[in-house]
Amino acid sequence: MDWLWAAIRWVHLLAAMTWIGGQLFLVLVLLPVLRRTLPSAQRTLLVAQLGGRFAVVGWIALALLVVTGFLNGERRGVAWESLPAAQSTYGQVLFAKLCLVAVVIALTFLHSQIFGPRLTRLATQAADNDPQAEAYRRRLARLSAIVSVINLLLNLVIVYLAARLVS
Ligand code: HEM
């Protein structure tokens, strides 16, 4: 049985690495280079395509985190229905972690399913030289970048809470 629990924990860790490592690479490596090398409309189009591909990987990772996270909790005998009123530090930390995971899932949906497709459409239309559409595209691109940075910071807090769970 221990090997099975180790495998579940392994999948939880790998999914967390893929999800957060991918975001860190985008924000710390890819975007700064693209900002220096590509004009704005072209950059938005390329980032939207990369984001679309990473969204698939991200949703699979988030689904795996929820399933293996639930199993992790089952192993620890977590009383899910009374988690909001947990007295133990483990329960309180896990509840705080799950609240942040819910916010992360909502922000990921907003970013990948609403902002992403809209930015792709606007970047494709950028050739029409409509200054109003261009101004809107730049504002939406900035808002989208802010949402993705907030999402990344929340994920880093989730990992800190997770470290508290297992220490
Ligand atoms: C963005 C989503 C999530 C991330 C980044 C994340 C990350 C982590 C990490 C890095 C660990 C430490 C693993 C270890 O050292 O064994 C962990 C542990 C844990 N996670 Fe998550 N997790 C996420 C979502 C969830 C969800 C949705 C649940 C519950 C439904 C969950 C439940 C747990 C539990 C119970 C543990 C502790 C396991 C133990 O006590 O051994 N996690 N998580």
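The values are calculated or read from the model by the stated rules, or taken from the named source; none is laboratory data. Computed from a predicted model, the values in this text were never measured in an experiment. Note that we place each Cβ from the backbone using ideal geometry, even for glycine, and neighbour counts take in every protein chain shown. Heads up: the accessible areas ignore ligands, DNA and RNA and are worked out on the full protein's heavy atoms, side chains in. Shrake-Rupley method; radii C 1.70, N 1.55, O 1.52, S 1.80 Å.
For this structure, a couple of remarks:
- Selection over the range 47-68 of residues that are near the ligand (Cβ under 9 Å from one of its atoms) and touching a helix residue (DSSP H, G or I) at 6+ places or on another chain (Cβ under 6 Å) gives a count of 3.
- Restricting the range 119-130 to residues that are among the charged types (D, E, K, R) and open to solvent by 80 Å² or more (accessible area, probe 1.4 Å) leaves a set whose member that is farthest from Val47 (Cα to Cα) is Asp128.
- Qualifying positions in the range 131-159 - of a type outside the set (A, V, I, L, M, F, W, C), surrounded by 13 or more Cβ atoms within 10 Å (Cβ to Cβ) and under 18 Å from the mean Cα position of the chain (by Cα): Ser144, Ser148, Asn151, Asn155
- Residue match in the range 14-23 (condition: closer than 22 Å to Leu156 by Cβ, away from the ligand (no atom under 16 Å from the Cβ) and within 19 Å of the chain's Cα centre (by Cα)): no
- Exactly one residue out of Leu100, Leu165 is within 14 Å of the ligand (Cβ to nearest atom), within 18 Å of the chain's Cα centre (by Cα) and of a type outside the set (Lys, Arg), and it is Leu100.
- Test: residue in the range 107-118 that is among the hydrophobic types (A, V, I, L, M, F, W, C), away from the ligand (no atom under 12 Å from the Cβ), open to solvent by 30 Å² or more (accessible area, probe 1.4 Å) and in contact (Cβ under 8 Å) with a residue 40 or more places away in the chain: no
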